[in-house]
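Here the structure comes first, spelled out in structure tokens, and everything after it is commentary.
The values are calculated or read from the model by the stated rules, or taken from the named source; none is laboratory data. If you're wondering where the values come from, they're calculated on a predicted model, not measured in any experiment. Counting neighbours? That spans all protein chains shown, and the Cβs are built from the backbone with ideal geometry, glycine included. Surface areas here come from the heavy atoms of the whole protein model, side chains and all, with no ligands, DNA or RNA. Shrake-Rupley method; radii C 1.70, N 1.55, O 1.52, S 1.80 Å.
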Amino acid sequence: MNSYSYRPFALREHRWGRLLRSGCLLMSFLAGPALVVSAQDTAPAGFQQWTTKSLTPHLAEMTEEAPTDPHHFAVRQLADYPNEGFLLVHRAGDGQVEWHETQVDVFFVESGTATLLLGGRLVNGETVGPHEKRNGSIIGGVRRKISAGDIVRIPPRVPHQVLLDGTAEFNYFVIKIKGY
């Protein structure tokens, strides 16, 4: 009995086996990158990505606009979907008091520091749109320091105001979750 005959068929060293294995290997090298590239070409519908690089031009424009705005801020709506909206905000001064009946605000602080006054009771707020009030003042409430890297969720029907406390500017990304 020669040693060649008792090895499993897959391990036998014959010419057709080597060619078949090398052909499969070659095909996997050729087809693999094509599958990866096609999977990366198209993102799912509704997918959004904002990078620091893509937001930088907006922030530069907003930094120039804010000083001429009566409330010393500039905002860019980046996307608006049925259940959520995405905004970039630059403040060069204290914000107005805000109150949203049907929306949650989620702040992602990009740069700067501020004090967030929230809770308590909204007094003399003006209706500026459906389910939305601004201006007036907050009686009571709590103060929270917020700074770069912080994430804040403000529930619906909670008055809130961003106060810069003398700092030059404050930048944040806002997700407005609708339908509460």
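Within the stretch 52-180, the proportion of Cα pairs with more than 24 Å between them is 23 percent. Of all lysines in the structure, the ones whose alpha carbon falls short of 23 Å from that of Lys53, not counting any fewer than 8 places away in one chain, are Lys176. When the stretch 110-167 is described by a simple charge dipole with +1 on each Lys and Arg Cβ and -1 on each Asp and Glu Cβ, the residue from Asn124, Ser111, Val162 located farthest towards its positive end is Asn124.
Tell me the Kirkwood hydrodynamic radius of the stretch 93-168 in angstroms, computed as one over the mean inverse distance between distinct C-alpha pairs.
Working: mean 1/r = 0.0793 Å⁻¹.
Evaluated over the stretch 93-168, this radius sits at 12.6 Å.
Accessible surface of Trp99, taken over heavy atoms with a 1.4 Å probe and every protein chain present, rounds to 50 Å². Straight Cα distances below 24 angstrom link Lys178 to the lysines Lys133, with same-chain residues fewer than 8 positions distant left out.
A simple charge model with +1 on the Cβ of Lys and Arg, -1 on the Cβ of Asp and Glu and nothing else charged puts the dipole of the stretch 55-123 at about 180 debye relative to its Cα centre.
Taking 4 °C and 1.567 mPa s as the conditions, I'd like the Stokes-Einstein D for the stretch 49-88 in µm²/s, using the Kirkwood hydrodynamic radius from alpha carbon pairs. Don't skip to the answer; put the middle values down first.
Values: Rh = 11.2 Å.
Once the numbers are plugged in, D ends up at 116 µm²/s.
Accessible surface of His71, taken over heavy atoms with a 1.4 Å probe and every protein chain present, rounds to 70 Å². Excluding ligands, DNA and RNA, the accessible surface per residue across the stretch 51-138 is 51 Å² with a 1.4 Å probe. Classify the stretch 109-151: rounded, prolate or oblate, from the alpha-carbon gyration tensor (a ≥ b ≥ c, eigenvalue square roots; a/c under 1.5 rounded; otherwise prolate if a/b is larger than b/c)? The shape class here is oblate.
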